[in-house]
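The values are calculated or read from the model by the stated rules, or taken from the named source; none is laboratory data. Computed from a predicted structure; not experimentally measured. Note that each Cβ is placed from the backbone with ideal geometry, even for glycine, and that neighbours are counted across all protein chains shown. Calculation scope for accessible area: heavy atoms of the full protein, side chains included, ligands and nucleic acids excluded. Shrake-Rupley method; radii C 1.70, N 1.55, O 1.52, S 1.80 Å.
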Amino acid sequence: MSAHPIPDRSNMDISIHSSFLPHTDPEASLAFYRDTLGFEVRNDVGYKGLRWITVGPAGQPGTSIVLFPPSASPGLTDEERRTIEEMMAKGTYGMLLLATADLEAAFERVQAKGAEIVEEPTDQPYGVRDCAIRDPAGNLIRIQQR
């Protein structure tokens with residue numbers, strides 16, 4: 001018999017508060033998330049010439065994305081930093097999945113704002129309709145129809 005009983009997981013209250021995506025240009029990332037996606041800017045912190053920018057969807061104050069300078073990650077070697085920069089440039093480092101009630105309207109907005117289009121709205125074989133774009137740092141963003 002265990003001295004520590006197994007907790008009742010049905011009472012857990014865990015939510016996603018913040019996710020982190022790297023940026024290479026804080027001004028370009030700020031403009032993209034604020035002006036192209038329409039997110040609110042919740043925080044913009046500078047430290048030693050670097051910036052951490054927190055954005056999130058209007059009406060969802062408990063969910064945020066922190067855009068961070070990947071070079072500020074502690075413990076990275078120069079080789080690891082170069083690898084991260086290479087992966088970001090190819091769009092294989094960071095990814096975000098968003099959802100909307102009107103995919104066509106969202107796609108038209110991001111396209112009109114000049115976002116880099118990876119894939120136009122498409123019915124995927126795995127059962128969703130979505131599109132894909134890249135943010136200024138190369139992060140892949142898929143937007144699904146809810």
Q) Can you give the extra length, in nm with one decimal, that the chain gains between Gln124 and Arg109 once fully stretched, where that is 0.36 nm per residue apart less the Cα-Cα distance? A) 3.3 nm
Q: Can you tell me the relative contact order of the chain? Whole percent, Cα pairs under 8 Å, sequence separation 6 or more.
A: 23
Q. How many nm is it between the label spots at Val41 and Ile16, if each spot is 7 Å from the Cα in line with the beta carbon?
A. 2.4
Q: Quick one: work out the % antiparallel among DSSP beta bridges in the chain, nearest 5.
A: 65
Q: Pop out the ³J(HN,Hα) list for segment 75-82 in order, Karplus 6.51 cos²θ - 1.76 cosθ + 1.60 with θ = phi - 60°, rounded to Hz; leave Gly and Pro as x.
A: x, 7, 7, 4, 5, 5, 4, 4
Q: Could you calculate the contour length gain from Ala28 to Glu85, that is, 0.36 nm times the residue separation minus the distance between their Cα atoms, to one decimal place in nm?
A: 18.9 nm
Q: Quote the Stokes-Einstein diffusion coefficient, in whole µm² s⁻¹, for the chain, based on the Kirkwood radius over alpha carbon pairs, a temperature of 25 °C and a viscosity of 0.890 mPa s.
A: 144
**Q.** Within the accessible area of the chain (1.4 Å probe), percent carbon and sulfur
**A.** 53
